[in-house]
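Engineer: Mind having a look at this structure? Questions to follow.
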Amino acid sequence: MTTPESCGSSNRDQRLSLVVRYNQIENAEFFAVLRVRIQHYFKSNELSIYAEDVAYAKAIVLIGAYALTYYTLLHTSAFDLYLILCVVLGMLKIFIALNIAHDAAHRAFFRNRKLNDLMLFTFDALGANGYMWKLRHVHSHHAFTNVPDHDADIKQSALVRIFPNSPLSGLHSYQHLYMPVLYGFYSLHWLLFRDFKDFINTPPNNHLTYHRKVELIRLILGKLIYFTMMILVPFQLLALEFYQVILGFMVMQMSASYTVAIALASAHVGEHAEFPEPDRTGQLPYSFLMHQLITTTDFATDSKLLTHLYGGFNHHVIHHLFPNICHIHYPPLTKILKNTCKEYGIGYNENKTLIDAINAHLQLLKSRSKNNLTVAMPEF
């Protein structure tokens with residue numbers, strides 16, 4: 001069995017050198033029926049798997065709201081209103097990323113590949129790097145969801161104990177208290193460090209030996225433009241002290257951090273989450289499709305508001321099973337999935353409400369402060 005990253009770099013290198021493979025497909029009839037029913041849904045309703053008018057309209061509204069909020073921010077003279085607008089910008093930043101860039105990374109927004117690649121630049125406009133995010137998300141996270149050392153979103157630092165065979169300290173007894181505070185710095189950490197770290201050390205399972213120079217230019221230029229727009233421009237135009245502008249920027253990033261943390265923690269890191277590991281030969285215990293079912297959790301699927309704001313991220317199981325389908329189709333597809341799972345007696349993971357999902361993650365942090373079941377969480 002594999003061991004966590006903190007147990008030693010040599011062990012981690014050995015695990016990464018494994019050619020990890022999935023098991024032969026089990027429950028073949030269930031997955032065949034599910035696929036046929038999904039295909040029938042699109043055919044009978046004369047729909048494509050890509051974005052429809054609703055998705056286009058929502059994209060226009062979100063980008064327009066972001067531009068209007070930023071314009072208003074540059075024309076305010078009140079510091080308290082400035083902070084409020086920073087909170088709104090932080091939230092809109094995540095909603096744009098999940099509704100537009102996320103689908104574009106999976107080539108699910110447009111039928112045309114080049115248009116999807118173009119829409120992926122919305123990540124760069126928001127301070128992140130679309131190129132690196134796609135490598136991390138599509139080629140690492142989706143390829144080996146929740147597999148330690150192979151899913152780039154599952155790593156841990158000394159501040160948090162996740163795996164049962166990693167060192168346990170007295171500090172971890174309080175991780176359910178201090179980690180939610182540290183989550184507030186997730187976005188800032190991503191913008192300042194994670195993209196550069198991923199560029200130097202390509203996320204697992206990408207098999208890239210180098211990045212094109214144009215991607216380095218894109219990375220650096222994107223950061224410079226974003227920080228200029230969010231810090232230097234407000235400082236030059238507004239009658240605010242520099243520390244007030246920096247405070248507003250920090251508030252913006254904290255708003256973005258907590259907005260995205262809700263989605264990330266709810267989808268893969270609850271108290272009943274599973275994190276399958278390959279054996280010494282690299283063999284995983286499940287087939288790819290069954291692996292996605294047991295490692296992914298839905299939340300609040302009856303909430304139309306959360307579905308629209310989070311780009312269908314709360315319907316995450318169907319997304320991992322059919323990642324090349326645009327998120328606007330997820331609600332009816334999730335119903336098909338639930339009914340088919342019930343019919344065949346296949347497990348389906350769901351937290352009924354957003355509060356339930358958040359509580360499930362906090363319970364995981366509490367339980368991982370003790371020497372018990374194997375779990376993991378997204379990288380901080």
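Engineer: Select from segment 56-85 the residues that are of a type outside the set (A, V, I, L, M), surrounded by 19 or more Cβ atoms within 10 Å (Cβ to Cβ) and within 22 Å of the chain's Cα centre (by Cα) and list them in ascending order.
Structural biologist: Selection gives 58, 66.
Engineer: I would also like to ask the following. Six or more apart or on different chains, Cβ atoms under 6 Å: show the pairs whose first residue is in segment 285-308 and more than 15 Å from residue 351 (Cβ to Cβ) and whose second is part of a helix (DSSP H, G or I).
Structural biologist: That search, which allows pairs on different chains as well, returns 289/31; 292/320; 292/321.
Engineer: For segment 87-112, which positions are buried (at least 22 other Cβ atoms within 10 Å of the Cβ) and closer than 12 Å to residue 133 by Cα?
Structural biologist: Passing the criteria: 97, 101, 102, 104, 105.
Engineer: Among the residues that make up segment 169-178, is at least one of them modelled with pLDDT of 85 or more, out of contact with any Pro (no Cβ under 7 Å at 6 or more places or on another chain) and within 25 Å of residue 71 (Cα to Cα)?
Structural biologist: Looking through segment 169-178, none of the residues is modelled with pLDDT of 85 or more, out of contact with any Pro (no Cβ under 7 Å at 6 or more places or on another chain) and within 25 Å of residue 71 (Cα to Cα).
Engineer: Within the group 139, 189, which residue is in a helix (DSSP H, G or I), within 17 Å of the chain's Cα centre (by Cα), of a type outside the set (Asp, Glu) and farther than 28 Å from residue 366 by Cβ? Quick ask: steps written out before the conclusion?
Structural biologist: Details: 189 fails: farther than 28 Å from residue 366 by Cβ.
Sole residue among the options that is in a helix (DSSP H, G or I), within 17 Å of the chain's Cα centre (by Cα), of a type outside the set (Asp, Glu) and farther than 28 Å from residue 366 by Cβ: 139.
Engineer: Out of (1) within 20 Å of residue 55 (Cβ to Cβ); (2) out of contact with any strand residue (DSSP E or B) (no Cβ under 7 Å at 6 or more places or on another chain), the odd one out for residue 368 is which?
Structural biologist: Single failed check for residue 368: (1).
Engineer: Residue 306 - would you say it is under 19 Å from residue 356 (Cα atoms) and either touching a helix residue (DSSP H, G or I) at 6+ places or on another chain (Cβ under 7 Å) or modelled with pLDDT of 95 or more (or both)? If you could, list the steps in order and put the result at the bottom.
Structural biologist: On the way: under 19 Å from residue 356 (Cα atoms): yes; either touching a helix residue (DSSP H, G or I) at 6+ places or on another chain (Cβ under 7 Å) or modelled with pLDDT of 95 or more (or both): yes.
Judged against the criteria, residue 306 is a match.
Engineer: Further question on the same structure: Determine which member of the set 265, 273 is more than 18 Å from residue 98 (Cα to Cα), crowded, with 21+ Cβ neighbours inside 10 Å and in contact (Cβ under 8 Å) with a residue 40 or more places away in the chain. Don't jump to the end; show me each part of the working.
Structural biologist: Numbers: 265 fails: more than 18 Å from residue 98 (Cα to Cα).
Just one listed residue meets the conditions, 273.
Engineer: For a quick check of your reading of the model, give me the residue pairs whose first member lies in segment 136-147 and is at positive phi, whose second is in a helix (DSSP H, G or I) and crowded, with 19+ Cβ neighbours inside 10 Å, with beta-carbon atoms closer than 9 Å and at least 6 apart or on different chains.
Structural biologist: Final answer for the pair search is 146/268; 146/291; 146/294; 146/295.
The values are calculated or read from the model by the stated rules, or taken from the named source; none is laboratory data. Owing to the predicted nature of the structure, the values given are computational and were not obtained by experimental measurement. FYI the Cβ positions are ideal-geometry reconstructions off the backbone, even for glycines, and counts take in every protein chain you see.
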